[in-house]
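Report on the following structure.
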Amino acid sequence: MKDITRRGALALGAGAAAMLAGCGGKFMKYDGPAVTRVIIHKSGRQMYLLNGQTALKKHAIQLGFTAHGPKRFEGDGRTPEGRYFIDRRNPNSAFYLSIGIDYPNAFDRAYAESLGKPPGGDIFIHGWGDKTRGSNDWTAGCVAVTNQEMRHIYAMVRNGTPVDIYA
């Protein structure tokens with residue numbers, strides 16, 4: 001009986017390993033220098049992953065469908081501007097993998113309230129296919145990169161990392 005149980009456990013373990021391998025290597029391990037800050041330049045459509053003052057990675061990005069100006073309220077199609085932090089991870093994102101930006105902050109909520117509108121939320125850095133959608137911005141306010149790039153970003157960037165988003 002013990003032998004059958006042990007073989008069953010081994011088969012189950014092998015099956016789980018095969019399932020993870022069949023996921024196309026969605027999750028990577030990263031053991032390099034810590035990402036201490038993410039900088040996003042909206043006008044240049046670039047994102048930098050930094051360790052101190054050293055750029056570890058640079059990525060071309062796509063933004064909200066109304067990229068000019070900071071996000072002010074739900075549905076405006078803009079990507080926020082200012083200092084934010086990575087506050088969550090979604091391994092089951094509809095956009096491959098994603099890491100959440102803690103928009104709206106207190107200022108964003110107060111500004112939207114002054115307009116009588118909800119501030120919106122669910123702003124992420126996320127993947128999208130093997131290629132981004134050309135040169136047009138298309139997200140609802142998120143920052144999009146290729147799935148392959150997102151695999152690296154997901155592995156490298158930890159919750160609590162500051163994100164500075166510039167116009």
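The values are calculated or read from the model by the stated rules, or taken from the named source; none is laboratory data. All values derive from a computational prediction rather than experimental measurement. Methodologically, a virtual Cβ is constructed for each residue, glycine included, from the backbone with ideal geometry; neighbour enumeration extends over all protein chains shown.
For PRO118, the criteria (1) touching a residue at least 12 places away in the same chain (Cβ under 8 Å); (2) touching a strand residue (DSSP E or B) at 6+ places or on another chain (Cβ under 9 Å); (3) surrounded by fewer than 14 Cβ atoms within 10 Å (Cβ to Cβ); (4) part of a loop (DSSP other than H, G, I, E, B) hold in every case but one, which is (2). Once segment 59-86 is narrowed to residues that are aliphatic (A, V, I, L, M) and part of a loop (DSSP other than H, G, I, E, B), the residue that is farthest from the chain's Cα centre (by Cα) is ALA67. One residue is enough: does segment 25-44 have a residue meeting the conditions without any contact (Cβ under 8 Å) to a residue 40 or more places away in the chain and crowded, with 17+ Cβ neighbours inside 10 Å? Among the residues of segment 25-44, not one is without any contact (Cβ under 8 Å) to a residue 40 or more places away in the chain and crowded, with 17+ Cβ neighbours inside 10 Å, which makes the answer no. Residues that are in contact with a Ser or Thr (Cβ under 8 Å, 6 or more places away or on another chain) and assigned to a strand (DSSP E or B) were ranked within segment 45-58; the one that is surrounded by the fewest Cβ atoms within 10 Å (Cβ to Cβ) is ASN51. Specify which of the listed residues (ARG89, ARG109, ARG158) is assigned to a loop (DSSP other than H, G, I, E, B) and charged (D, E, K, R). Being assigned to a loop (DSSP other than H, G, I, E, B) and charged (D, E, K, R) holds for just one of ARG89, ARG109, ARG158, which is ARG158.
Every residue, every condition in (1) in contact with a strand residue (DSSP E or B) (Cβ under 6 Å, 6 or more places away or on another chain); (2) over 30 Å from LYS117 (Cα atoms); (3) modelled with pLDDT under 95; (4) of a type in the set (Asp, Glu), yes or no:
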| position | (1), (2), (3), (4) |
| --- | --- |
| ARG6 | no, yes, yes, no |
| GLY13 | no, yes, yes, no |
| ALA18 | no, yes, yes, no |
| LYS26 | no, yes, yes, no |
| LYS29 | no, yes, yes, no |
| PRO33 | yes, yes, no, no |
| THR36 | yes, yes, no, no |
| LEU56 | yes, yes, no, no |
| LYS71 | no, no, no, no |
